[in-house]
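The values are calculated or read from the model by the stated rules, or taken from the named source; none is laboratory data. Remember, it's a predicted structure, so these values are computed and weren't measured experimentally. Here the Cβ is made from the backbone with ideal geometry for all residues, glycine too, and neighbour counts use every protein chain on show.
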Amino acid sequence: MANKTSLNAKNLEALGTARLAELLMDLCQGNAAAKRALRLALAEQGGAADVAQQVRKRLATIARSGSWLDKRRRDELLADLERQRQAIVGSIASHDGELAMELLWRFLDLAESLLDRCDDSDEAALGLFHLVSADLGRVACLAQPAPATLADQVAVALLDNDYGQYDQLIPHLSEALTPEGLLHLRQLLEAKRPPSPAQADQEDELEDLLDSELSDDELVEQLDFTEAEDGFFYISDLGGNSEPDAVVDGASEPDDDEVLDADLEPAFDDDSDPDVGQHRQAVRLAMLAIADALGDPDGYLAEYRDHHPVALKLPGIAARVAGRLTAAGRAADALLLLEAAEPYLQNRPASFLDWVDARIAALEALARPGEAQALRWSCVERSLSIRHLRDYLKALPAFEDVEAEERAFDLVFAYHSFDDALQFLHQWPDQRRAARLILARHLELDGDSYELLSAVGEALAAQQPLAATLCLRAMVDFSLDMSRSSRYKHAARHLATCSVLSAKINDWAGHEPHDSYRAHLRLTHRNKYSFWEVLGESPWRP
């Protein structure tokens, strides 16, 4: 028989409504979050309009607040906002999609003020707003607003996207926008685009940054902030919200057309102002998203060709555009684009594999498998790419793959980077060859490669105890030689594992047996008292 004091729905129902109401009132005392949750529940009895009134009131209160939020208060506020979101996408959306859309827009309007007054380094708050953006897309498909009207709202939002809260708005709303709305949105944004920097200025900027550690995307962002040729431009004041707070106070709401058709005024007299770069970036990213939503590879290409032509020299950007051209049946055009970026591969090694993948796809589409295979093999030679080796072997005729695989392993054993070679054999996986590599090149073991050597040591422990021991010793030696006291507990654990593994090793192949190695540590590192304390012994023990 179930315990009558257990907290479950059946036992609580037995208390009766009156008693439960009394308990809830007591529990609400001093608990604002509980009170708000109960008010929402009570409002549901009156229908969607009553729930919307409660949600609107709460969102307005949050919008007016300006105090700093520490992590605890931020998390409490996010929990509160999640309840409001559930109310919007639940009871409100099921009865009135248009009303739910209005509230979701208002919810998204909170992003800037909220993110401005908290540390969101874990992106918990931003993630909530991206979730609301997805909700807006789903609700919009049900509400079916006029595509042009929705596009007007999206345009305003995208140009006020300082924290990235609207980054996914176009993918989320593309279905509801329909091609008609997407084309209208493209026109609106094109009208608001700041002038592009002169190509010569972009070339200079690219030359300065080409060898930097910036990714190709980050480098293009820098081009957004390059000063334009005339040093002066006009921009509409689009800083308002898509759903102004005036609605809460009962004031009249300006039409979207009024906002979008605002008089042009000189906004900046120096195009190096970061706001200009932010607008360029916002328009560029939106135009790329629109092109993808429309399935328009030409539009995607044109965004770079017409505004940042030098970006097409970057292998990663060229690969992205080429992939879309190939998917649209234009592999020959894709190859031309990739060939134009090829001279820059040596400056952008991080983009090499993306460029190669795009080129392979284009060559396969053009029925040029031999060239595609040669590229795959070049990836194996250059970076020991497991994925490209598997694809290479898969494309070979029967029985030729074994010989090719052996050639690949020969490359691995001679590869200039020991860590990369070991990583390859660990992930392939081939424990026997990994052990062979370790024994042959043990002097190259880097004890600072903690994640790699820990994983390899664990994988080899059962069948290759000597190789596993050498991995563990490398980490122990590094920790002690470099006096990394934060790693001593790990080093002690590794040394204990070496002791266990030593019982499985019959031939030390010229390496120190465990007892001798341990004695050497005690002699060399006798002053590392904290290490020996972790082991629970004295370094002076004979």
Exercise. Taking only region 206-225 into account, find how many residues are without any contact (Cβ under 8 Å) to a residue 40 or more places away in the chain and surrounded by 15 or more Cβ atoms within 10 Å (Cβ to Cβ).
Key: 3
Exercise. Output the residue which, of all residues in region 178-198 that are modelled with pLDDT of 95 or more and charged (D, E, K, R), is nearest to the chain's Cα centre (by Cα).
Key: 186
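Here is a list: 361, 350. Which entry is surrounded by fewer than 15 Cβ atoms within 10 Å (Cβ to Cβ), within 27 Å of residue 315 (Cα to Cα) and under 26 Å from the mean Cα position of the chain (by Cα)?
From the options 361, 350, the qualifying one is 350.
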Quiz prompt | Selection count where residues are free of Cβ contacts under 8 Å to residues at least 12 places away in the same chain and within 45 Å of the chain's Cα centre (by Cα), scope region 502-537 | solution = 4
Exercise. Please work out which one of (1) among the aromatic types (Phe, Trp, Tyr); (2) under 29 Å from residue 531 (Cα atoms); (3) crowded, with 22+ Cβ neighbours inside 10 Å is the condition residue 424 fails and give its number.
Key: (2)
Quiz item: Looking at region 478-492, is at least one residue out of contact with any strand residue (DSSP E or B) (no Cβ under 8 Å at 6 or more places or on another chain), of a type in the set (Asp, Glu) and under 26 Å from residue 423 (Cβ atoms)?
Solution: yes
Practice problem: Give me a count of the residues in region 467-491 that are farther than 13 Å from residue 445 by Cβ and crowded, with 18+ Cβ neighbours inside 10 Å. | Solution: 5
Self-check item: Pairs, first closer than 12 Å to residue 287 by Cα and among the acidic types (Asp, Glu) in region 173-194, second modelled with pLDDT of 95 or more and assigned to a helix (DSSP H, G or I), C-beta under 8 Å, six or more apart
Solution: 190/283; 190/287
Practice problem: Can you give me the number of residues within region 397-450 that are under 20 Å from residue 383 (Cα atoms) and not in a helix (DSSP H, G or I)? | Solution: 10
Quiz item: Picking from 133, 113, which residue would you name as being surrounded by 17 or more Cβ atoms within 10 Å (Cβ to Cβ) and of a type in the set (Ser, Thr, Tyr)?
Solution: 133
Quiz item: Here are some conditions: (1) free of Cβ contacts under 8 Å to residues at least 40 places away in the same chain; (2) more than 16 Å from residue 418 (Cβ to Cβ). Residue 460 meets all but one. Which one does it not meet?
Solution: (2)
Quiz item: Could you count how many residues in region 329-347 are buried (at least 16 other Cβ atoms within 10 Å of the Cβ) and either without any contact (Cβ under 8 Å) to a residue 24 or more places away in the chain or more than 20 Å from residue 217 (Cβ to Cβ) (or both)?
Solution: 4
Quiz prompt | Residues (part of a helix (DSSP H, G or I) and either acidic (Asp, Glu) or surrounded by fewer than 19 Cβ atoms within 10 Å (Cβ to Cβ) (or both)) located in region 376-396 | solution = 377, 378, 381, 382, 383, 386, 387, 390, 391, 393, 394
Quiz item: In this structure, does residue 174 turn out to be more than 21 Å from residue 55 (Cα to Cα), at pLDDT 95 or above, assigned to a helix (DSSP H, G or I) and among the hydroxyl-bearing types (Ser, Thr, Tyr)?
Solution: yes
